[in-house]
Amino acid sequence: MSKILVTGAGGYMGRHIVTSLLDKGADIIAVDFNIDLIDERADRRVVDIFSGDGNLYEKLGKPDVCLHLAWKDGFVHNSDAHMEMLSSHYKFVKYMVESGCNQIAVMGTMHEVGYHEGEINEDTPCNPISLYGIAKDALRKSLIAYSQKNEFTLQWLRAYYIYGDDKRSNSIFAKIVAAAEEGKKTFPLNSGKNKYDFITVDELADQISSCVMQKEVTGIINCCSGKPVSLGEMVESFVKNHGYDLELQYGVFPDRPYDSPAIWGNSEKIEKIMNNRK
């Protein structure tokens, strides 16, 4: 059985993905600066993956697979950290490959694409508009170029709009939870008409864990539902399902000019992976 390293294992998504991998029987080395909330079935380690330590591969347990989730300020899309640490991410992945790790999976984001109307597939041109999207786009392109001259399996796992475990996220759903718990009776929104590709963090964890436990499907993999749903519809369902006494006030905020009217992922690859697992 392959030994899988998960970096950023203590983060919002990482904890769910580690548990999903363990539930599938994987041998997991979970790395982060804070490991307290990571599933105790994993081999949990506090390691600075960007230290440049020549013995880092050994300290990480000599994994066969690396799922690279670690990313500073993931919820702060214009943080300078995205660009400042870009080369560190590239150097880390390159080091892992050179040390003997033959399968690399990296967390991507729809924000690599920038403004786009319609379905996103692996050939959709990218023109990111935030530092987060720019850095992720640059990392993906550099790793694809590196993979063409070096033999290893590369999977770029592109995520979309995630909800669930909302107190630990920075999404609109987290803000709704906070408003309800503060006793507020109204919640302001924009028009709510724009459509996005929503997925729960647990479903996303299932998809990502399934991706890294196989090597047949590679390249850019959209981890998504493949279905556009309006923000208003999702929010109303969320409020109803949680029993919140909140009146949604549409049109308080203007729709941002750089938000797409409708954007979603092509789900052909992830459906193939999930169907092959059955």
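Provide the per residue accessible area, probe 1.4 Å, for the chain, rounded to a whole number of square angstrom. Mind showing how you got there, number by number?
Values: 13330 Å² over 278 residues.
Heavy-atom SASA per residue in the chain reads 48 Å².
Net charge of the neighbourhood of A81, taken over other residues with C-beta under 11 Å away and scored Lys/Arg +1, Asp/Glu -1, is -2. Take the convex hull of the alpha carbons in region 53-107; its mean projected area over all directions comes to 4.0 nm². For the pair S99 and Y146, the difference between a 0.36 nm per residue extended length and the Cα-Cα distance amounts to 15.4 nm. Helix 231-242 and the longest principal axis of the Cα set of the chain meet at an angle near 90°.
Given a 1.4 angstrom probe, I'd like the percentage of the accessible area of the chain that is carbon and sulfur, rounded to a whole number. The partial results should precede the final answer.
Working: 6350 of 13330 Å².
Summing carbon and sulfur atoms, their accessible area is 48 percent of the total for the chain.
Measuring nothing but how far apart in sequence close Cα pairs (under 8 Å, 6+ apart) lie, relative to its length, the chain scores a relative contact order of 18 percent. Spin-label pair E236-A262: with each label point 7 Å from Cα along the Cα-Cβ axis, the two points sit 1.7 nm from one another.
Basic side chains Lys and Arg get +1 at the Cβ, acidic Asp and Glu get -1 at the Cβ, and with that the dipole of the chain about its Cα centre reaches some 340 debye.
How big is D for region 1-53, in µm² s⁻¹ as a whole number, if Stokes-Einstein is applied with the Kirkwood radius of its Cα pairs at 37 °C and 0.692 mPa s?
Here the translational diffusion coefficient equals 301 µm²/s.
The modelled label-to-label distance between Y90 and D27, using points 7 Å beyond Cα along the C-beta direction, is 3.3 nm.
For the pair region 57-97 / region 105-126, the C-alpha centres are spaced 20 Å from each other. What is the sum of charges, Lys and Arg at +1 and Asp and Glu at -1, for the other residues whose Cβ falls under 15 Å from the Cβ of Y258? Overall, the nearby charge balance is -3. For the chain, adding -39500 (n - 2.57) for each run of n ≥ 4 DSSP H residues and dividing by the number of residues yields -10000 deg cm²/dmol at 222 nm. A cut-off under 13 angstrom between Cβ atoms defines the neighbours of S2, and their net charge, with Lys, Arg +1 and Asp, Glu -1, is +2.
Radius of gyration (Cα atoms) of the chain, expressed as a multiple of 2.2 N^0.38 Å: 1.02. Computed over region 196-278, the P(r) tail beyond 16 angstrom holds 63 percent of alpha carbon pairs.
From most to least packed by mean Cβ count within 10 Å, the peptides 180-191, 220-231 give 220-231, 180-191. Cα gyration tensor of region 28-79, axes a ≥ b ≥ c as square roots of the eigenvalues: rounded (a/c below 1.5), prolate (a/b > b/c) or oblate? Oblate shape, in that a/c is at least 1.5 and b/c is the bigger or equal ratio. Computed from the C-beta positions of E122 and S51, the FRET efficiency with R₀ = 35 Å rounds to 0.60.
The values are calculated or read from the model by the stated rules, or taken from the named source; none is laboratory data. Computed from a predicted model, the values in this text were never measured in an experiment. As a convention, Cβ positions derive from the backbone with ideal geometry for all residues, glycine included, and neighbour counts pool all protein chains shown. Protein only, heavy atoms only, side chains kept; ligands, DNA and RNA dropped before computing areas. Shrake-Rupley method; radii C 1.70, N 1.55, O 1.52, S 1.80 Å.
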